[in-house]
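Novice: Quick one: structure below, then a few questions.
Values quoted throughout were computed directly from the atomic coordinates according to the rules given, and no laboratory measurement underlies them. Here the structure is a predicted model, which means the values were calculated and not measured. When we count neighbours, we look across all protein chains shown, and the Cβ atoms used for this are built from the backbone with ideal geometry, even at glycine.
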Amino acid sequence: MPDWNLQDAKNRFSAVVREALAGYPQHVTRRGKRAVVVLAEDEYDRLRRLETATAPSLADMLLALPRDDGDFERLAVDPRPVAFGAPDS
């Protein structure tokens, strides 16, 4: 099925929903570019569960960080001057 332009999708929203419920995601374009997809609720829920199931946990991401127990060389730069106290008016 071709993409729906936004105006046609608004005018025939029942048809867009019917096709989405039949298992065919409906692409809606705006200014000639795909903008949104209309999905059945069941398909949306399935995709969300899949996304959650495959997303790494915070612990997994932290464990995946590269480890370098070696020393690192500090840059030899002079600290910038810092003025303490109330600003001059």
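Novice: With a ≥ b ≥ c taken as the square roots of the eigenvalues of the C-alpha gyration tensor of segment 38-89, please select rounded if a/c is under 1.5 and otherwise prolate if a/b is larger than b/c or oblate if it is not?
Specialist: Oblate.
Novice: Applying the Karplus parametrisation 6.51 cos²θ - 1.76 cosθ + 1.60 with θ = phi - 60° to the phi angles of segment 3-11, what ³J(HN,Hα) value in whole Hz is obtained for each residue in order, glycine and proline being reported as x?
Specialist: 5, 8, 7, 4, 5, 5, 5, 5, 5
Novice: Restricting the calculation to Cα positions, tell me the Rg (one decimal) and the Dmax (whole number) of the chain in Å.
Specialist: Just the Cα atoms of the chain yield Rg and Dmax of 27.2, 71 Å.
Novice: Length gain on complete extension for the stretch Arg74 to Arg31, per 0.36 nm per residue less the alpha carbon to alpha carbon distance?
Specialist: Here the answer is 10.2 nm.
Novice: Using 1/(1 + (r/R0)^6) with R0 = 35 angstrom and r between the beta carbons of Ser57 and Tyr24, what's the FRET efficiency to the nearest 0.05?
Specialist: Computed FRET efficiency for Ser57 and Tyr24: 0.55.
Novice: I would also like to ask the following. Toward the positive end of the charge dipole of the chain, about the Cα centre and with charges on Cβ (Lys, Arg +1; Asp, Glu -1), which of Asn5, Thr52, Leu21 goes farthest?
Specialist: In the chain, that residue is Asn5.
Novice: Okay, moving on. Once the Cβ-Cβ distance between Val17 and Ala86 is put in as r, and R0 is 41 Å, what FRET efficiency do you end up with, to the nearest 0.05? Provide the component values of the computation, followed by the final result.
Specialist: On the way: r = 65 Å, r/R0 = 1.58.
The calculated FRET efficiency here is 0.05.
Novice: To the nearest 0.05, how large is the calculated FRET efficiency for Asp42 and Leu6 if R₀ is 22 Å and r is the Cβ-Cβ distance?
Specialist: 0.30
Novice: Karplus couplings for segment 18-28 from phi (6.51 cos²θ - 1.76 cosθ + 1.60, θ = phi - 60°), rounded to Hz, Gly and Pro as x?
Specialist: Ordered by residue, 3J(HN,Hα) equals 4, 5, 5, 5, 7, x, 10, x, 10, 8, 10 Hz.
Novice: Next question, about the same structure. For segment 4-56, what does the alpha-carbon gyration tensor say about shape, rounded, prolate or oblate, given a ≥ b ≥ c as the root eigenvalues, a/c under 1.5 as rounded, and a/b over b/c as prolate?
Specialist: oblate
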